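See structure below.
The values are calculated or read from the model by the stated rules, or taken from the named source; none is laboratory data. Fair warning: this is a prediction, and the values are worked out from it, not measured in the lab. Because the Cβ atoms are built from the backbone with ideal geometry, glycine has one as well, and the counts that use them run over all protein chains shown.
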Amino acid sequence: MQQGWLTKTFKGDRAIWGLVTLFMVYSLLSVYSSSVGVAFMKYGGNTTYFLRSQFLMLVLSLIIIVVVHYLPYRIYFSMAGLILIGAVGLLILTFAFGSRVNEATRWLVIPGTGFRLQTSDVAKVALVLYLARTLAKYQDKLNNFMLVTKYLLFPIAIVCGLILPENLSTALMIFGISMIIMFIGRVPFKFLLAYIGIAVMAVVLFAMVLTIVKKDNRVQVWKNRIEHFFSGAVDEDGDYQSNQAKIAISTGGLFGKAPGKSTQRNMLPQSNSDFIFAIIIEEYGLLFGAIPLILAYMILLFRGITIAKKCETAFPAFLVMGLIVMIVVQAMLNMLVAVGLFPVTGQTLPMVSWGRTSVLMMSFSIGAILSVSRVVNARIKNEELPEEEITDEGEKIYEPAKT
């Protein structure tokens, strides 16, 4: 009876549901362990503050996943443009009236609630939806450079341009994810090379202008991080986070120190968000911390590819691949930063790090992926579907590239 109820409630790819459960378990254990000291100092001895906060967010995220995975994915095809416009509006509001934290304006405070919305997370997902819709709509016209530039590059440039002044790493990540999605969507590679060249020149020009106009700005921070990473020079202040993360990882070894036994959590800034992967390795080691999480994200990528291959039309395939690429690329960047193989970017570990906006948007993304999987599985089994999910009118037929 219980198994039947679970099967009826949680539809779609079962492996992804299993991965969601795994991520949530890691999240609760590691967020609690990594934030005990910070919670004790900042919240009057309440060591469970972050645990309770994350637990509530994960419950909410599970509700979001369940609700979204029951929605017909076709609504994103018709609403993608409006969603992107709304996200751009939020970025503009953040740019003008955002809350400044750690010398950066990245959050928009919702009046009367105290809830801080990181609008770049919303824009990131909105852009993926828009790219999936546009790539599907113009599948047979992607050899037109002006059309691709107008309908694909310009929206990407607007989103990244609004994020760039306060969050270079996120802007570059979103641009990189967009290029990967466009490559998957069969945009000619020569177009992508041209866009990458334009982006590099735009970032360099922006940095030069910002340096001239404002002497005290974040350009020097960007420059120092990149220079120290590639030169290997030691900077006691700038490399503090990275050094503490390396200590945590090196002392974790194969089996870790055991849950709750981390020592670096008290010295590593953002230990429950940006550098949570280092704490996981310190406590659970390579065998029970790093490898299972890396495999989990790789399995998520594999399941996404499998779902996309089963799609009969372009939009759901591009939607799944776009969201999967977004999640996995961010996860890989977070892990590479933690182990010192990439400059510090400030990206969270999807569905594991402590957070609010990021957790909610990742939950929505997984729900949308499961929505496609639910419909695909129902079609394969010849199950009855609501009328709005039976036809894919207006979409181009998707044929996976032959290898």
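Has the range 134-145 got at least one residue that is under 30 Å from W107 (Cβ atoms) and either surrounded by 18 or more Cβ atoms within 10 Å (Cβ to Cβ) or without any contact (Cβ under 8 Å) to a residue 40 or more places away in the chain (or both)? Reasoning before the result, please.
From the range 134-145, those under 30 Å from W107 (Cβ atoms) are 134; that's our starting set.
Going one step further and asking which of them are either surrounded by 18 or more Cβ atoms within 10 Å (Cβ to Cβ) or without any contact (Cβ under 8 Å) to a residue 40 or more places away in the chain (or both), we end up with 134.
Taking every residue of the range 134-145 in turn, at least one turns out to be under 30 Å from W107 (Cβ atoms) and either surrounded by 18 or more Cβ atoms within 10 Å (Cβ to Cβ) or without any contact (Cβ under 8 Å) to a residue 40 or more places away in the chain (or both).
Can you work out which of the residues in the range 340-397 that are of a type in the set (D, E, K, R) and either under 26 Å from L164 (Cβ atoms) or not in a loop (DSSP other than H, G, I, E, B) (or both) is modelled with the lowest pLDDT? Break it down into steps so the answer makes sense when it comes.
Just the residues of the range 340-397 that are of a type in the set (D, E, K, R), to begin with: 356, 374, 379, 381, 383-384, 387-389, 392-393, 395-396.
Narrowing the set further to residues that are either under 26 Å from L164 (Cβ atoms) or not in a loop (DSSP other than H, G, I, E, B) (or both) leaves 356, 374, 379, 387-389.
Working: R356: 85, R374: 93, R379: 84, E387: 51, E388: 54, E389: 58.
Checked the range 340-397; the qualifying residue modelled with the lowest pLDDT is E387.
Taking into account only those residues within the range 347-362 that are within 10 Å of the chain's Cα centre (by Cα) and of a type in the set (S, T, N, Q), which is nearest to F318 (Cα to Cα)?
In the first step, residues of the range 347-362 are kept if they are within 10 Å of the chain's Cα centre (by Cα); the result is 347-351, 358-359, 361-362.
Filter once more, keeping what is of a type in the set (S, T, N, Q): 347-348, 358.
Working: Q347: 24, T348: 24, S358: 22 Å.
Selected residue: S358.
Tell me the strands (runs of 3 or more DSSP E) entirely within the range 21-138 that contain at least 1 residues that are touching a helix residue (DSSP H, G or I) at 6+ places or on another chain (Cβ under 6 Å). Lay out the reasoning, then the answer.
Values: elements: 99-101, 104-109, 116-118.
The qualifying strands (runs of 3 or more DSSP E) are 104-109, 116-118.
Filtering the range 1-16 down to residues that are closer than 15 Å to Y70 by Cβ and assigned to a loop (DSSP other than H, G, I, E, B), which residue is modelled with the lowest pLDDT?
Per the stated criteria, the residue is F10.
Looking at (1) closer than 24 Å to T47 by Cβ; (2) modelled with pLDDT under 85; (3) not polar (S, T, N, Q), can you tell me which one D274 breaks?
Among (1) closer than 24 Å to T47 by Cβ; (2) modelled with pLDDT under 85; (3) not polar (S, T, N, Q), D274 violates only (2).
Could we say that M326 is part of a helix (DSSP H, G or I) and either more than 27 Å from L117 (Cβ to Cβ) or free of Cβ contacts under 8 Å to residues at least 60 places away in the same chain (or both) here?
Details: part of a helix (DSSP H, G or I): yes; either more than 27 Å from L117 (Cβ to Cβ) or free of Cβ contacts under 8 Å to residues at least 60 places away in the same chain (or both): no.
So M326 does not fit the description; no.
Residue by residue through the range 190-199, note down the ones that are farther than 12 Å from G176 by Cβ and surrounded by 11 or more Cβ atoms within 10 Å (Cβ to Cβ). Please lay out each step first, then the result.
Applying the first criterion (farther than 12 Å from G176 by Cβ) to the range 190-199 yields 190-191, 193-194, 197-198.
Selection gives F191, L193, A194, I198.
Residues of the range 241-280 being in contact with a Leu (Cβ under 9 Å, 6 or more places away or on another chain), free of Cβ contacts under 8 Å to residues at least 40 places away in the same chain and either farther than 16 Å from V36 by Cβ or not in a helix (DSSP H, G or I) (or both), which ones?
Matches in the range 241-280: Q244, I247, G252, G253, L254, F255, G256.
Mind listing whichever residues of the range 66-99 are in contact with a Phe, Trp or Tyr (Cβ under 8 Å, 6 or more places away or on another chain), surrounded by 20 or more Cβ atoms within 10 Å (Cβ to Cβ), touching a residue at least 60 places away in the same chain (Cβ under 8 Å) and among the aliphatic types (A, V, I, L, M)?
Correct list: L84 only.
Would you check if there is a residue in the range 31-45 being modelled with pLDDT of 90 or more, under 27 Å from Y297 (Cβ atoms) and within 21 Å of the chain's Cα centre (by Cα)?
Scanning the range 31-45 turns up at least one residue that is modelled with pLDDT of 90 or more, under 27 Å from Y297 (Cβ atoms) and within 21 Å of the chain's Cα centre (by Cα).
Yes/no per residue for (1) among the polar types (S, T, N, Q); (2) closer than 20 Å to L333 by Cα; (3) touching a Lys or Arg at 6+ places or on another chain (Cβ under 6 Å):
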{"position": "T251", "(1), (2), (3)": "yes, no, no"}
{"position": "Q264", "(1), (2), (3)": "yes, no, no"}
{"position": "Q270", "(1), (2), (3)": "yes, yes, no"}
{"position": "I279", "(1), (2), (3)": "no, yes, yes"}
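State whether the residues of the range 111-125 include one that is surrounded by fewer than 16 Cβ atoms within 10 Å (Cβ to Cβ), among the β-branched types (V, I, T) and within 22 Å of the chain's Cα centre (by Cα).
No, the conditions are met nowhere in the range 111-125.
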